[in-house]
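Have a look at the structure below, then the notes.
The values are calculated or read from the model by the stated rules, or taken from the named source; none is laboratory data. Because the structure is predicted, anything quoted here is derived from the model rather than measured. So basically every Cβ, Gly included, is an ideal-geometry build from the backbone, and we count neighbours across all protein chains shown.
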Amino acid sequence: MNIFIVDDEAELVDFYINAVELDGHIVVGTAADGEEAVKKYFELKQRPDIVLMDHRMPIKNGIEATAEILNVDADARIIIASADRSIRDDALMAGAIEFKQKPFSLDKLLMNIIEHALLSETCQ
Amino acid sequence: MNGLPEYIMSEEEMDIIRREALEFAGIGMYRYKFDGTVLYMDHGALKILEIEDQFDSPEAAIGEKIENMIIYTGQRYFLRSKIREHGHVRDLIYHYKTLAGKEKWALHDSYITRDEKTGEELIQVIIKDITEMMLTRLALRESEERFQRLVNSAPDIIIRWSVDKGLEYISPSVSDITGYTPDELLSDPMLVMKLACSADPKLERDYREACEPGFTPYKRELVFPHKNGSDILLEARVTPLKDEKDGIIAFEGILRDITEKVIAERKILGAKQLAELYLDLMLHDITNFNQICLGNLDLMLTGAGLAGKERALAVKARRQLLKSENLISKLRIIPELENDLNNIVMSIDLDKTIRNCVETALHLYPEAADNLRYESREELTVNGIDLLEQAIYNIIENGIKHAADKKPEISIEIKDADSADFIELRVADNGPGISDEIKPEVFKRQFRRGKKKGLGLGLSLSRDIIEKSGGSVRIENRDDEDVSKGSIFIIRLRRSSGAH
């Protein structure tokens, strides 16, 4: 699976990279804010299967970035992860396929990625 | 003229009719000498002076002294001296007491006349009993005085404003509140409006609108300049007074000083917003750090390189991290619960929710693994807000934390309630039990038993969440005979419609 990781916390991005690569997935790119995420997403040669998106970031937040990406690529599969549970409904309304409340265990993260990847394959 | 024979009344008959007419009107007459000797008195006077018991007829009063017929309450011979001075005293309100001690008032019209034979000066008196009117007037005055006392001592400003004349009345409390005395403001009836409009520019427009027909009582906050230069905030409650054509002629109302209240409210709001900001920042940042720690610990534990004591230490660190996150979750719930927009009741899969709770509990408290029992009951949905899982988890965790000998025995089961619309989720523990006196206290925020650690948040949040879900929670003893055998927390929840 190709994963695109968006988070302004560098240490957290490192963990995501280690976690998904350990499970055999490929990190196709990373971004540190919503604006960079939108820009990089459309510059990628190969569209990612899953975008793991933080919400509270500088310049542009995760929900805004999600809406912008989905506006152009309706098939984008974006998981929004945030410590703020109150944004869950807004995240889903913006088109995220899942809202994950931080902190979550490695198991749960990988299981989610696999679930959505399988779902993606089934849909195709 | 009309066919009836002409009837001419005698003087005697006319006199009787006149007397009866006067009596009927509550009017009496008497005449006396300057030394007080009564020469004439009619029935009306006898009745007004209430001396019918002493004198059975007006004639019996003749020759008696007038001062023996009433009890003077004021200056004696006052009327006689006035008549001597002016010859005629009109509309004198005279206060006296009857011989029986009853208070009375009479309106006097008295003048000097002369004895036809001797030429001696006499006093002719016409009196009208006005006792009832005076008592009413006194009662009214007393009522007005009482009202005035209330107005004078009222902490709020009471005001009357005439559309034509400006300020007509303002109560003394205006001095304490604005620094201006009533006299200062009343000496220029437009001053109060000028001052108010200078500090509150929208007031002039609002006042013009208020003078339009159809204006109804209303409440408005307005800024008013205190004499010392500072601004004060008043809450005005105003009622318009209308004329017969529904035109507004005046306003009456109360002005309440809410300056301190508003400042306090703003401070509280500011402090609350600041606290929420700190909490939000703290929770967000700490959670991110916890996520990094938890993720990396998971990565360490996933690999084969960590074994033995090192692995046990990493597992312990991971568990404490999850407990820390659990505590943060509870703190996060407090502001969420206050916002009703976050608390929409929805249909919740109860079985899945309880299984999640059990899974979390076993992650954090592996010592409970052997005796944490749940009888799964699938396909059961209940009404609840999004936080219901946290509410149930807190109750399970409470049982684990208070377990006897640190060996938790928790059983969770779902039972039908007395009403088909509800179910009961029963969480039984082997804690020290909760006596009847303490039961109501357990769900209060910051309640802690003995030297147990913790914030005393969990159960209070559980109750709030359950109640916002439309349910209730109560505690029963596990053993009716022995409270120390543990407790059963019974959570009553409404089944989702169509999900019996």
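Some points to look at:
- Qualifying residue in segment A:35-46 (condition: within 30 Å of B:Gly303 (Cα to Cα) and not acidic (Asp, Glu)): no
- Neighbours by Cβ (under 7 Å, 6+ apart or cross-chain): first from segment B:247-275, under 20 Å from B:Ile157 (Cα atoms); second among the aromatic types (Phe, Trp, Tyr): B:Ala250/B:Trp161; B:Phe251/B:Trp161
- Of the strands (runs of 3 or more DSSP E) entirely within segment A:22-97, those holding at least 3 residues that are under 22 Å from A:Met1 (Cα atoms) and not β-branched (Val, Ile, Thr) occupy A:50-54.
- Each residue in segment B:250-279 was checked for being modelled with pLDDT of 90 or more and surrounded by 13 or more Cβ atoms within 10 Å (Cβ to Cβ), and 11 pass.
- Enumeration of residues in segment B:271-311 that are among the polar types (S, T, N, Q) and more than 8 Å from chain A (Cβ to nearest Cβ): B:Gln273
- Subset of segment B:168-195 [buried (at least 17 other Cβ atoms within 10 Å of the Cβ) and β-branched (Val, Ile, Thr)]: B:Ile170, B:Val174, B:Ile177, B:Thr178, B:Val192
- If the condition is being of a type in the set (A, V, I, L, M, F, W, C), more than 15 Å from B:Ile466 (Cα to Cα) and more than 13 Å from chain A (Cβ to nearest Cβ), then segment B:312-356 contributes B:Ala312, B:Leu313, B:Ala317.
- Among the candidates B:Gly166, B:Gly119, residue that is touching a residue at least 24 places away in the same chain (Cβ under 8 Å) and on the phi > 0 side of the Ramachandran plot: B:Gly166
- Boolean, B:Ser198 is over 30 Å from B:Ala45 (Cβ atoms), loosely packed, with under 14 Cβ neighbours inside 10 Å and polar (S, T, N, Q): yes
- Boolean, B:Tyr7 is surrounded by fewer than 17 Cβ atoms within 10 Å (Cβ to Cβ) and touching a Pro at 6+ places or on another chain (Cβ under 8 Å): no
- B:Lys128 touching a helix residue (DSSP H, G or I) at 6+ places or on another chain (Cβ under 9 Å), at pLDDT 90 or above and loosely packed, with under 13 Cβ neighbours inside 10 Å: no
- One residue from A:Met93, A:Met57 being surrounded by fewer than 17 Cβ atoms within 10 Å (Cβ to Cβ), out of contact with any Ser or Thr (no Cβ under 6 Å at 6 or more places or on another chain) and not β-branched (Val, Ile, Thr): A:Met93
Results for (1) of a type in the set (A, V, I, L, M, F, W, C); (2) crowded, with 18+ Cβ neighbours inside 10 Å, shown as yes or no for each residue.
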{"residue": "A:Val6", "(1), (2)": "yes, yes"}
{"residue": "A:Leu22", "(1), (2)": "yes, no"}
{"residue": "A:Glu43", "(1), (2)": "no, no"}
{"residue": "A:Ile97", "(1), (2)": "yes, yes"}
{"residue": "A:Ile113", "(1), (2)": "yes, yes"}
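- Residue match in segment B:94-103 (condition: more than 26 Å from B:Ala21 (Cα to Cα), of a type in the set (Asp, Glu) and surrounded by 12 or more Cβ atoms within 10 Å (Cβ to Cβ)): no
Condition check ((1) acidic (Asp, Glu); (2) on the phi < 0 side of the Ramachandran plot; (3) free of Cβ contacts under 8 Å to residues at least 12 places away in the same chain) across all residues:
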| residue | (1), (2), (3) |
| --- | --- |
| B:Ile8 | no, yes, yes |
| B:Glu11 | yes, yes, yes |
| B:Leu22 | no, yes, no |
| B:Glu67 | yes, yes, no |
| B:Arg80 | no, yes, no |
| B:Arg90 | no, yes, no |
| B:Thr98 | no, yes, no |
| B:Leu107 | no, yes, no |
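- Among residues that are within 15 Å of A:Ile79 (Cβ to Cβ), away from chain B (no Cβ under 14 Å) and not β-branched (Val, Ile, Thr), A:Ala37 is included.
- Some residue of segment B:223-241 being more than 14 Å from every other protein chain (Cβ to nearest Cβ), closer than 30 Å to B:Leu327 by Cβ and either part of a loop (DSSP other than H, G, I, E, B) or among the β-branched types (Val, Ile, Thr) (or both): no
- Residue within segment A:77-91 that is away from chain B (no Cβ under 14 Å) and either more than 23 Å from A:Asp23 (Cβ to Cβ) or free of Cβ contacts under 8 Å to residues at least 24 places away in the same chain (or both) present: no
- Matching residues, segment B:214-236, being touching a Leu at 6+ places or on another chain (Cβ under 8 Å) and either buried (at least 17 other Cβ atoms within 10 Å of the Cβ) or without any contact (Cβ under 8 Å) to a residue 24 or more places away in the chain (or both): B:Leu222, B:Phe224, B:Pro225, B:Leu233, B:Leu234, B:Glu235, B:Ala236
- Note on segment A:22-34: residues that are without any contact (Cβ under 8 Å) to a residue 60 or more places away in the chain and within 14 Å of another protein chain (Cβ to nearest Cβ) amount to 3.
- Looking only at segment A:1-21, and only at residues there that are part of a strand (DSSP E or B) and not aliphatic (A, V, I, L, M), the one that is nearest to the other protein chains (Cβ to nearest Cβ): A:Phe4
- Within segment B:148-164, tally of residues that are farther than 17 Å from B:Ile258 by Cα and surrounded by 11 or more Cβ atoms within 10 Å (Cβ to Cβ): 8
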